[in-house]
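Everything on this sheet refers to the single structure shown next.
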Amino acid sequence: MIRSKSLFIGSSNMTILHISDSHLFADAEQTLLGVNTRESFEAVLDNVTRQGVEPDLIVMTGDISQDYSAKSYQYFAERISQLNKPVFSLAGNHDELSFLKQYLCHDNLFLNKQVITEHWQVLLLNTHSKGQVYGVVTADELTWLETCLQDNPELPTVVFMHHHPIPIDSLWLDKIGVKNAQSVTDILQAYPQVKLCGFGHVHQTIDVQVDNIRYLSVPSTCVQFLPQSDEFSASEERPGYRVYHCNRDGHIEVETHRVSDYSPTVNLAISGY
Ligand SMILES: [Fe+2]
């Protein structure tokens, strides 16, 4: 796989649209915890367009599919391509890697792990561990991460991954984050050019500053989980996304959006997913 992509932005700033956890099915009528995931995904993308968000690139941090079907990836690829922007995707615990390669790696869809622009570096770290709900970052992946940071000390950097690399004060979710999180954060914290670490998986908004790094999770595009809950619990919060305006001086402005005209019908009685 080609690991690096050079992206010409054309302005000194870079805007990233961050979406995650669409949990799509082959069947357009299928629901997750009562939420029609295709409908909510459409509502999120419609909102992006209506809000006038003009990203230079889109990052999807995984759990694209819920049923591991080829059709769910085909649908995602077709729908996200309509935004006409470069899309970089990562695998979540719910993803089928062969389908990512088959459907999300052509035209404007990329699986590159490193994006270099004139003023920024974006890194997409793999935390997918086959057959596991929790994440693991392999020794090779850690070496790659550190090499990218060593090679580009002058470029402010945004790092994305699927699983959360910091505790989020939710007992059940903290058991299924990145297993070797400390190895990851030790590297990130050692390089002052790392400004932001964005992740999905937790279906809620987390915003924690540790030294130079802002750790941010994004709402799922479908069902949300209740923050600070010891046990699995869904929430009726609306689907959403984040937008990062990355200025050339390394400063980042963060926007958080939740859809306003779509209310998911969440089945709160279900005790797991
Ligand atoms: Fe998820």
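Since every read-out is calculated from the coordinates, none of them should be taken as a lab result. Keep in mind that this is a model prediction, so the values were computed, not measured. Reconstructed Cβ throughout: ideal geometry from the backbone, glycine too, with neighbour counts over all protein chains shown.
In terms of its C-alpha gyration tensor, the range 1-79 comes out oblate, because a/c is 1.5 or above while a/b does not outweigh b/c.
Could you tell me which of V266, S11, N247 has its Cα farthest along the dipole of the chain towards the positive end, charges placed at Cβ (Lys, Arg +1; Asp, Glu -1), taken about the Cα centre? Working it through, the farthest residue towards the positive pole turns out to be S11.
In a reduced charge model with +1 at each Lys and Arg Cβ and -1 at each Asp and Glu Cβ, the chain shows a dipole moment near 400 debye about its Cα centre. Computed from the C-beta positions of Y68 and D46 and an R0 of 25 Å, the FRET efficiency is 0.45 to the nearest 0.05.
Value of Rg to Rh for the range 18-175, rounded to two decimals, is 0.97; Kirkwood radius and Rg both from alpha-carbon coordinates. Over all Cα atoms in the chain, the spread is summed up by Rg and Dmax: 17.1, 50 Å. Cα convex hull, the range 132-273: 103 Å³ per residue, rounded to a whole number. Let me know the number of lysine pairs in the chain closer than 19 Å at the Cα, not counting same-chain pairs under 8 apart. Final tally of qualifying lysine pairs is 12. Computed from Cα atoms, the angle from the helix 70-81 axis to the main principal axis of the chain rounds to 60 degrees.
Using the Cβ of T49 as centre and a radius below 14 Å, the other residues enclosed give a net charge of -1, where K and R count +1 and D and E count -1. For the chain, the longest principal axis of the Cα atoms and the long axis of helix 181-190 meet at an angle of about 40 degrees.
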